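What follows is a single structure, written as C-alpha cells, with notes after it.
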Number of protein chains: 2
Amino acid sequence: MTRPDPAIAYQRDRSPGFVSQRVLSELGRRILAGQYAQHSALPTELQLCAEFGVSRTAMREATKMLAAKGLVVSRKRAGTLVQDSSLWNRLDPDVLSWMSATDPDPEFVRGLIEARLAIEPAAAELAARRASAGDLARIEAGYLAMRAADLSDLAACAEADVAFHVSILNASHNPVFAGLASLIGQALENSFRLTTSVSRNYAETLDAHGDVLEAIRLRKPDQARARMRALIDIASADLVNATAKHRP
Amino acid sequence: MTRPDPAIAYQRDRSPGFVSQRVLSELGRRILAGQYAQHSALPTELQLCAEFGVSRTAMREATKMLAAKGLVVSRKRAGTLVQDSSLWNRLDPDVLSWMSATDPDPEFVRGLIEARLAIEPAAAELAARRASAGDLARIEAGYLAMRAADLSDLAACAEADVAFHVSILNASHNPVFAGLASLIGQALENSFRLTTSVSRNYAETLDAHGDVLEAIRLRKPDQARARMRALIDIASADLVNATAKHRP
C-alpha cells in the first residue's frame, strides 16, 4: 500500500513480496522524522512484531538492514539504539527516499543544491569529453520528455527532469558520479515538492536544457560545464531563498 | 581477527562481537572482487553456513545487509543473486572499504579523483564562509599531525591526511559533503596504496595544506577553493598518469 518511492524506482530492482520491506521503510521514516530519537532505544522486538503483525525473523531482518545503513546499532542488554545522525548513511538511496517523506530539513535541502552545483557541472564537462552517441540519445530522450510533459503534471515533469540529469551523470563515464544519481534525483524531487514556482522555472529552463545537450554533443567541455551551472543556478534560486541563508 | 577498515574507523561505531560482520565483509569482498559474478547466484545458504561455521540466522542477516547495500537480491527459487554492478551502492562506507581490499579498478580510482576535484574545492570555499573556531582547530590538528608524521610510516601519513580533508568537509556545514567523507577518505587511502611517489608528494604539499587552512581561517572563499584545487591536482597527478587516460 505504500506509494512507490521515485528515487528507488529508477535505481533499484526490488522483489515485490519482500516481507520486511514495509517494516524497514516505516521504521526508517520514523527515525528520520525524529519519532524515535537519536541515542534512544527502539521499542522492543516483541512490541514491534505485535504492532506490525510480522514474525521476529522479519523484524530482525528489518533492523539488520537499518543497521547496514547506519541508522541503528544493536547493543547487548540496551537493545537497538538509534545512532547519532552524523553516522546515518544519508546518501543511501533508501535513506534519501525516506527523508523525502518527512518534512524537508532546510539545511539538507541547501546542502543538496550546493552538492548539485559542485557535481553536475563537472559531470557535464566529462560527458562532453566522453559521451557516446548512445549516451546522447538517452540525454535527448530525457530532454524530449521534458518538452512533452504536461506542465500541470508535476510527477511527469519531475520524472523527465530526473531522467535528463541522471543520463548526463551516466554519460560522464565516472562511476562515482553515476553512483550519486539517486542523490541528485532526490534533490530534484525535493525541489518539485518545495517550490510553488517550479512549473514557471521548468518552462523557462527548457531551452537551457537543450543547450546543455548541444554542448555535450559538440564536445565542448567548458561550455557544457558553464551551461549546466547556469541551469542549476536558475532552477535553485527560489529554493535557496526559501531556505536558510549563508552564515555570516 | 579482521584488520580494522580505516574508512570505517572514523565513521562508524560497531559492536565488536557482531556475529555476522565477518561473514558480511567476506561475502562483500568476494562480490566486489568478481569471485561471485554479477547476475549469478551465491552458493546455497547451507553451503555458506558450512563454510563459515555460522548459523542460518547469522547467514540470513549477512545476506540481508548485502541486499540493503544493493549487492544482492533474493529471488524465489533462484536464491540470492548478485546484482548488476550499476545497482551496487558503491558510496556505502562498507562497500568502499571492501573495494579497497580488492585490486583497484583504474576507472573507479580515476572517478574518485574527479569527484574529489569537484567536491573538495567547493567544500573548502564553504568552509571559508562558515567554519567556526572549533572547526579551524580540528583542521589545524590534522595539519599538525601531517607535519608530525614520520614519512616512512605510510599509515600515520594517510590517517593525518584523511583527518585534514575530512575536517574541511565537516567545516563546510553541508551535510551532503560531510556524508561524502568516507568516499573522500577511501580515495585518499587508495592513493597511498597505489603510488610509490606518495611520500614525495606528501612532503611537497605540506605547506600547501597549511595555505588552505590559512585561507579558510581568513574567510577567503575563492582563495580556499583555488588552493584546494591546486593541492588535489598535485597530489593526484601521478595517479591520473598511472591509470586510464581520458577517452578521445
Legend entry - Signed unit charges on C-beta, dipole axis of region A:111-211, positive-most listed residue A:Gly185, A:Leu151, A:His209: A:Gly185
Inset, instruction - Taking the rotation that carries A onto B, look along its axis and tell me which residue of A has the beta carbon nearest to it, distance in whole angstrom. - result: A:Ala68, 2
Inset, instruction - Note down the magnitude of the dipole of region B:104-242 about its Cα centre, charges +1 on Lys and Arg C-beta and -1 on Asp and Glu C-beta and zero elsewhere, to the nearest 20 debye. - result: 500
Inset, instruction - Mind listing the long-range amide H neighbours of B:Val72? Cut-off is under 5 Å, sequence gap 5 or more, other chains count too, H placed in the peptide plane at 1.01 Å from N. - result: B:Ala67, B:Gln83
Inset, instruction - Kindly give the distances from B:Arg75 to its copy-mates, label point to label point, with each label point 7 Å from Cα along Cα→Cβ, as nm values to one decimal ordered shortest first. - result: 4.2
Legend entry - Percent of alpha-carbon pairs separated by more than 21 Å within region A:164-238: 28
Inset, instruction - Could you work out the mean count of beta carbons from other protein chains within 10 Å of each residue's beta carbon in B:53-66? - result: 3
Inset, instruction - Among the trypsin sites (Lys or Arg not before Pro) in region A:58-124, which ones are in a DSSP loop with at most 10 other Cβ atoms within 10 Å of the Cβ? Mind listing them? - result: A:Lys76, A:Arg77
Inset, instruction - Determine the distance separating the Cα centre of region B:169-221 from the Cα centre of region A:99-168; give it in Å without decimals. - result: 29
Legend entry - Copies compared at B:Glu107 - label distances in nm, ascending, label defined 7 Å from Cα in the Cβ direction: 3.8
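Bear in mind that the values in this text are calculations on the coordinates, not laboratory data. Note that this is a predicted model, so its numbers are computed, not measured. Positions of Cβ are generated from backbone atoms using ideal geometry, with glycine treated the same way; all protein chains shown enter the neighbour counts.
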